[in-house]
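Working notes, beginning with the structure itself.
The values are calculated or read from the model by the stated rules, or taken from the named source; none is laboratory data. Just so we're clear, the structure is a prediction, and the values are computed from it rather than from any experiment. Cβ coordinates were reconstructed from backbone atoms using ideal geometry, including for glycine residues, and neighbour counts include every protein chain displayed. Side chains included, ligands, DNA and RNA excluded: accessible areas come from the protein's heavy atoms. Shrake-Rupley method; radii C 1.70, N 1.55, O 1.52, S 1.80 Å.
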Amino acid sequence: MSALTETMRVSVPEIRGHKNAKPIVCLTCYHAHTARLLDEHVDLMLVGDSLGMVMHGMETTLGVTLEMMILHGKAVMRGSRRAMVVVDMPFGSYEESPQVAFRNAARVIQETGCGAVKLEGGDRMAETIRYLSQRGIPVMAHIGLTPQMFQVLGGFKTQGRTEVEWPAIEADAQAVTDAGAFAVVLEGMAEPLAAKITRAVPIPTVGIGASAECDGQILVLEDMLGLNPRPPKFVRQYANMASDIAAAVKSYAADVRARRFPGEDNVYRMKRAG
């Protein structure tokens, strides 16, 4: 028996166990070195398709490919040991049919080793969520503002601002719950509606621009670190790394131009003969 004990990752049952209990701490993560920094502090890291905009300069998430998600998913898995890692299914990889969704989700899990996948859509995706869940693929659902549908929604608009919108969104929450999702992200949703859904469904809700009553919260890491010059209203910035990075680069450039870098401590000297 090996003397090495592998650290156990946070599991689906553990995430489920947060319902009406200690809030779930989630952040997006796209590469290994930030995964190492996050791993001790969060319960769940989401390799979100937001990486298209954050890491690759895309205007939307629609250009993100399955290969990109797998590449970044592998990096986050290599950089972490404890937190659950969930990988987004990108646009076009799961909508066609439950069978296509299974084939692509299975590839994501096999090639990255992640703990679950996330896909957008409520009632319209319930059949697919059920198909995946029954075949051993844990699914985190995502309802409310679903960025992959921004063209249909007419932009990135908050959902549920009028009560006439509520029944359809509540039905989405119930549909993904009944289909077997182990948790559901509530994004860009009127606070009273998000709170009501959280109280109504037996699975954990994870809010982003939703409600403090949700069973957990998630933000895009770069948003909360102050790297996004135009963060959404729902973001609280916990650092201002953009100015810190700019200041550091300015100092580096000045040192290089003044030949202050490299200094004595940054160069290699010859070894003494004999």
ask   = Consider Phe182 against the criteria (1) modelled with pLDDT of 95 or more; (2) more than 21 Å from the chain's Cα centre (by Cα): it satisfies all of them except one. Which criterion is unmet?
value = (2)
request  = Would you check if there is a residue in the range 224-241 being assigned to a helix (DSSP H, G or I), open to solvent by 50 Å² or more (accessible area, probe 1.4 Å), modelled with pLDDT of 95 or more and under 28 Å from Val76 (Cβ atoms)?
outcome  = yes
query = Of the conditions (1) more than 21 Å from Met68 (Cα to Cα); (2) open to solvent by less than 10 Å² (accessible area, probe 1.4 Å); (3) of a type outside the set (Phe, Trp, Tyr), Gly136 fails just one. Which one is it?
reply = (2)
ask   = Looking at the range 37-51, which of its residues are out of contact with any Cys (no Cβ under 8 Å at 6 or more places or on another chain), surrounded by 23 or more Cβ atoms within 10 Å (Cβ to Cβ) and touching a residue at least 24 places away in the same chain (Cβ under 8 Å)?
value = Gly48, Asp49
message = Considering only the range 201-212, I want to know if a residue exists there that is touching a Ser or Thr at 6+ places or on another chain (Cβ under 7 Å), under 18 Å from Ile143 (Cβ atoms) and outside any loop (DSSP other than H, G, I, E, B).
response = yes
task = Within the range 244-261, identify whether any single residue is out of contact with any Leu (no Cβ under 8 Å at 6 or more places or on another chain), under 17 Å from Glu120 (Cβ atoms) and among the hydroxyl-bearing types (Ser, Thr, Tyr), and answer yes or no.
result = no
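Yes/no matrix, rows are residues, columns are (1) more than 13 Å from the chain's Cα centre (by Cα); (2) touching a residue at least 12 places away in the same chain (Cβ under 8 Å):
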| residue | (1), (2) |
| --- | --- |
| Val54 | no, yes |
| Met68 | yes, yes |
| Leu71 | yes, no |
| Val76 | no, yes |
| Ser80 | yes, yes |
| Tyr94 | yes, yes |
| Phe102 | yes, yes |
| Ala105 | yes, yes |
ask   = Somewhere in the range 154-170, is a residue hydrophobic (A, V, I, L, M, F, W, C), open to solvent by less than 10 Å² (accessible area, probe 1.4 Å) and in contact (Cβ under 8 Å) with a residue 40 or more places away in the chain?
value = no
